[in-house]
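Bear in mind these aren't lab numbers, they're just calculated from the coordinates by the rules spelled out. Just so we're clear, the structure is a prediction, and the values are computed from it rather than from any experiment. Neighbour counts are summed over all protein chains in view; Cβ atoms, including those assigned to glycine, are modelled from backbone coordinates with ideal geometry.
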2 protein chains.
Amino acid sequence: MAQGKSHSGKRLAEKQLKLIAKALADPRRYEILRQIGAQESGASCTDIRECQPVSAATLSHHFKELESAGLIKVARQGKFAHFKLRRDVLRAYLDHLAKI
Amino acid sequence: MAQGKSHSGKRLAEKQLKLIAKALADPRRYEILRQIGAQESGASCTDIRECQPVSAATLSHHFKELESAGLIKVARQGKFAHFKLRRDVLRAYLDHLAKI
DNA sequence: TCATCAATTAGATGGTTGTCGAAATGTCAA
DNA sequence: TTGACATTTCGACAACCATCTAATTGATGA
């Protein structure tokens, strides 16, 4: 059978689960994540800045939270930053919550 | 086919989604919810008090948060309170998040 | 080189929240 | 009625956090 796990590909550590829950709890962060996930190609920092009425500093803070929770993958190129949603991590979080 | 909706039974209002995300973000509340959900019959306030090293006042506060998020159903009988996990609401929250 | 621009970091601030002890409420049995 | 008990409410406090402005870093083009 398909190598090991029955249907869920990933297991998250306790600590990461808490980070994810906290990351998702802030509405602004949720919106940012949503926008990143809206396109399979992700979104750039500037893209998001155009949609969210907060300072660049605040955005940067939120990106850090999302990244350290493992919810986004960051690619920096020159002065630009590009983000992609890590659907595998989100899926693993949902799977975990579903087992309650 | 099984009456009506295709696979997700419930739609949650924006506001409730935020309350749920916030409720789940606190580790203590998560543990409480977990304990309530562990038995199909739910758990009493006293049950939970025996497992969580916090004051009754704090517990009461958390119950209120969980209830107003719609994650638990409360039944009071005399001096006792009994809680059950609302799996339909949790499910609806997960379905919503999965659509990101 | 120098000015400009994208993004991050530093530091401050106001608001939120998890927690407690004490008091209040309500229930039940003696 | 009275006392014990379960739970909630109140008021306070410390920690956390989203947010800002200002300063910094780093890259790019003129």
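The table for this structure:
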| quantity | calculated |
| --- | --- |
| Check on A:T58, more than 9 Å from DNA strand D (Cβ to nearest atom), more than 23 Å from A:L97 (Cα to Cα), surrounded by fewer than 15 Cβ atoms within 10 Å (Cβ to Cβ) and away from chain B (no Cβ under 13 Å) | no |
| Test: residue in segment A:2-16 that is surrounded by 16 or more Cβ atoms within 10 Å (Cβ to Cβ), more than 16 Å from DNA strand D (Cβ to nearest atom), at positive phi and part of a loop (DSSP other than H, G, I, E, B) | no |
| Filter pass, B:K73 being in contact with a strand residue (DSSP E or B) (Cβ under 6 Å, 6 or more places away or on another chain), more than 12 Å from every other protein chain (Cβ to nearest Cβ) and either crowded, with 18+ Cβ neighbours inside 10 Å or under 13 Å from A:I100 (Cα atoms) (or both) | no |
| Criterion (within 16 Å of DNA strand D (Cβ to nearest atom), crowded, with 16+ Cβ neighbours inside 10 Å and more than 11 Å from the chain's Cα centre (by Cα)) met by exactly one of B:K84, B:K79, B:K22 | B:K22 |
| Positions within segment B:64-82 being in contact with a Phe, Trp or Tyr (Cβ under 7 Å, 6 or more places away or on another chain) and within 12 Å of B:I32 (Cα to Cα), in sequence order | B:I72 |
| Matching residues in segment B:63-74 - criterion: being within 15 Å of B:D47 (Cβ to Cβ) and away from DNA strand C (no atom under 13 Å from the Cβ) | B:I72, B:V74 |
| Residue match in segment B:43-50 (condition: in a helix (DSSP H, G or I), among the aliphatic types (A, V, I, L, M) and away from DNA strand C (no atom under 11 Å from the Cβ)) | yes |
| Per-region count, segment A:25-42, residues more than 15 Å from DNA strand C (Cβ to nearest atom) and surrounded by fewer than 16 Cβ atoms within 10 Å (Cβ to Cβ) | 5 |
| Leading residue by the ranking (nearest to the other protein chains (Cβ to nearest Cβ)) among those in segment A:13-54 that are small (G, A, S), more than 19 Å from A:H96 (Cα to Cα) and touching a residue at least 40 places away in the same chain (Cβ under 8 Å) | A:G37 |
| Residues within segment A:20-40 that are within 20 Å of B:A69 (Cα to Cα) and part of a helix (DSSP H, G or I), tallied | 11 |
| Inter-residue pairs, beta-carbon under 8 Å, first under 15 Å from B:S41 (Cα atoms) and facing chain A (nearest Cβ under 8 Å) and in segment B:76-98, second crowded, with 19+ Cβ neighbours inside 10 Å and aliphatic (A, V, I, L, M), 6+ apart | B:L85/B:L33; B:L85/B:I36; B:L85/B:L71; B:L85/B:I72 |
